[in-house]
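S.K.: Quick one: the structure is below, and I'll ask about it shortly.
The values are calculated or read from the model by the stated rules, or taken from the named source; none is laboratory data. Model, not experiment: these values are computed from the prediction. Quick reminder, even Gly has a Cβ in these numbers, built from the backbone with ideal geometry, and neighbours come from all protein chains shown.
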Amino acid sequence: MFYSPEVIEDIRLGNDIMDVVSAYVQLKQHGAYYFGLCPFHAEKSPSFSVSVDRQTFYCFGCGATGNIYSFLMRKENFSFPDAVQFLAERIHYRLPEAGGAAETHKNARIKEGLYEVNKLAARFFYDALQEPEGAEAVRYLDMRGITRKCRVKHGLGYAPLKRGALHKYLTGAGAAEDVLEVSGLFTPDKLRAGWNDKFYGRLMFPILDVRGRVVGFGGRVLDAGPGGDAARSVPKYMNSPETPVFEKSRNLYGIQNARQAKSKEIILVEGYMDVISLYQGGFQNTVAALGTAFNAQHAGVLRRYAESAVILFDSDEAGTKAALRAIPVLTAAGLRVKVLQVRDAKDPDEYIKRFGSESFGKLLGGAQHHILFQVEDLKRRYDLTDMEGKIRFTTEAAKLLAQAESPVERDVYARAAAEASGVAFDAIMAETEKLRGMSLPNAGMEKKLNFTRPAYPSVRPEHNKLKEKGLLEAKKLILNLMASDTKLLRKINQYVSAEEMGDEVYAKLYNLLVSFAEKGRSAEPAELISHFETVVEQEKAGEVFAQGGAGDRRIAADENTERVLNDAMKKVKIAYLDGKIRTETDAEAIKKLLESKRAVY
Ligand SMILES: [Zn+2]
């Protein structure tokens, strides 16, 4: 859903950031700001500030910053359009329908209808579980030790055997035929030219999206004795098919509860019952993929809520394979990944029942780093009594170890790999450092110049870090001056281009500031932030103007300003040219770039 900048700004101005934030944080006034405990990091004394004037927030502890949209996106894990819709509803603002086309209107109606139908269906299944016909499902839950409270919390239900019961119920409740058709709850009955209930005689698990709406169902067969479903070789678990509101590659079972658990770590399990029994054991931060392998979209969803993930799959071969497949997907999304295989019980559920939640918590804390888990898998795959096997093991293990950023970690894992395999530690370490040397960012340039790279990087990282910081400050200063003073903006615009800002967010801010100035409008940080759609970009944009706390960015221009600005512009231009020179391969072009660089000084 796309909304125009005008609509987004209207809605932002219609809502006061204080009203929204104070629903989550207790705030106390200190001068121009309000302070409270930061909702984004754990702290004992308040470093989270809100500015009513600027309609922004800033945390002195963790640096979190942004406007009212950013706050809700972080706090509620809303997407940008979600946050816009939420705040529009809050002030009864009528959002324009995208495109206004009849087709879009119909899609929106179908989607709304599907949420309603799913909610009604969940109610229907839930009620059926309480009836005598649900007795068998209740027996199964009793047998698994699922408490009544937990059943209610997860909205567990029962799909009755009586054919057509759900269809009749939903039609009776006024559901539209075209909505029912695409709901995934029914299959066409060719003989009667009608519809059959897709789920019957199953224990039902409603699947909720992050906003707590029912989007689909999972159903588990019950052992109905001879001739029952279990005997008729039907799949043990069945999920709703994809519908306009249910995308399997995005939805995770348990995500709604996991989000509320507010844990930075998420536990990934294989199925519905794992999620429920772990929840009951006190681990609410548990999710399962729905009949598909973990993919990049799932990982992206998880990354919005968590920093690390523990893969807790069955310890059999299939579970190990699935874990090995999930690792690169999760690490690519930026999650820290660990793996836990439960040894003393057949699954986590049994473990918790036998040894208690506390023991399980300890077990979880000791989960293996994914690199070690993969090294152990390699050990099983290669014959380490054989020279050839040892060499291949070492090469493969080094590839894994080279991924670890810290030298301490590499050292620890190399020791573990050496111990596990009987291959010398030095050999594994040397191979690892060789691989790391090859993938260092500047390796391409040095190859061009015919350098040979030493085994360890020769650049001084400390020096580089300082230089980076100086450059960053220069860019922020330029953008701040552009926002404060139109005359300086014109000067900057003549000398430095948006591209030379060397960063997408900064380039966009640059262009926004120029276009605001052209229209003679003032550029408030809170408004500028709304032009970015992700929390990461919003924070980066907000941070530019947040130097003095909750967005006190005005820089009073004095006699020093010109000099400081000139230095900053030089720095930015040179960094840009250096970057070009590094990646350019044409000798003539490099010469030209060097000339431009000389002209800057
Ligand atoms: Zn904070």
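S.K.: When V21 is evaluated against the numbered criteria (1) surrounded by fewer than 16 Cβ atoms within 10 Å (Cβ to Cβ); (2) without any contact (Cβ under 8 Å) to a residue 60 or more places away in the chain, which criterion, by number, is the only one it fails?
M.R.: Among (1) surrounded by fewer than 16 Cβ atoms within 10 Å (Cβ to Cβ); (2) without any contact (Cβ under 8 Å) to a residue 60 or more places away in the chain, the lone unmet condition for V21 is (1).
S.K.: Turning to a different aspect of this structure: For residues that are surrounded by fewer than 21 Cβ atoms within 10 Å (Cβ to Cβ) and away from the ligand (no atom under 16 Å from the Cβ), tally how many sit in region 53-77.
M.R.: 3
S.K.: In region 24-52, what residues are surrounded by 13 or more Cβ atoms within 10 Å (Cβ to Cβ), over 22 Å from N77 (Cβ atoms) and not hydrophobic (A, V, I, L, M, F, W, C)?
M.R.: Those that are surrounded by 13 or more Cβ atoms within 10 Å (Cβ to Cβ), over 22 Å from N77 (Cβ atoms) and not hydrophobic (A, V, I, L, M, F, W, C): Y33, Y34, P46, S47, S49, S51.
S.K.: Looking for whichever is buried (at least 18 other Cβ atoms within 10 Å of the Cβ) and in a helix (DSSP H, G or I) here; the options are A318, A416, A404. Which one fits?
M.R.: Only one candidate passes the filter, namely A416.
S.K.: Assess whether K476 counts as being outside the structural domain of G300 (by TED's automatic domain parsing) and at pLDDT 90 or above.
M.R.: Here the answer is yes, as K476 does meet what is asked.
S.K.: Still on this model: (1) within 30 Å of P96 (Cβ to Cβ); (2) at pLDDT below 90: which one isn't true of M18, the others all being true?
M.R.: Of (1) within 30 Å of P96 (Cβ to Cβ); (2) at pLDDT below 90, only one is false for M18: (2).
S.K.: Right, here's the next one. Which is more than 14 Å from F86 (Cβ to Cβ), more than 14 Å from the ligand (Cβ to nearest atom) and among the small types (G, A, S), of A42, A32, A23?
M.R.: From the options A42, A32, A23, the qualifying one is A32.
S.K.: Okay, next question. Every residue in region 160-201 that is closer than 19 Å to G218 by Cβ and β-branched (V, I, T), please.
M.R.: Scanning region 160-201 gives V182, T187.
S.K.: Let me ask you something else. Which residue, of K390, K346, is at negative phi and assigned by TED's automatic domain parsing to the domain that holds S421? Step through it out loud before you land on a result.
M.R.: On the way: K346 fails: assigned by TED's automatic domain parsing to the domain that holds S421.
Step by step, each of K390, K346 is checked, and only K390 is at negative phi and assigned by TED's automatic domain parsing to the domain that holds S421.
S.K.: Would you be able to say whether some residue in region 137-146 is without any contact (Cβ under 8 Å) to a residue 40 or more places away in the chain and touching an Asp or Glu at 6+ places or on another chain (Cβ under 9 Å)?
M.R.: Residues of region 137-146 that are without any contact (Cβ under 8 Å) to a residue 40 or more places away in the chain, as a first pass: 138-139, 142-143.
Narrowing further to those that are touching an Asp or Glu at 6+ places or on another chain (Cβ under 9 Å): none.
No - not one qualifying residue is present in region 137-146.
S.K.: If the requirement is being assigned by TED's automatic domain parsing to the domain that holds P206, more than 33 Å from the chain's Cα centre (by Cα), buried (at least 18 other Cβ atoms within 10 Å of the Cβ) and not aliphatic (A, V, I, L, M), which of these qualifies: G164, G157, G134, G172?
M.R.: On the way: G164 fails: buried (at least 18 other Cβ atoms within 10 Å of the Cβ); G157 fails: more than 33 Å from the chain's Cα centre (by Cα); G172 fails: buried (at least 18 other Cβ atoms within 10 Å of the Cβ).
After ruling out the rest, the residue left standing is G134.
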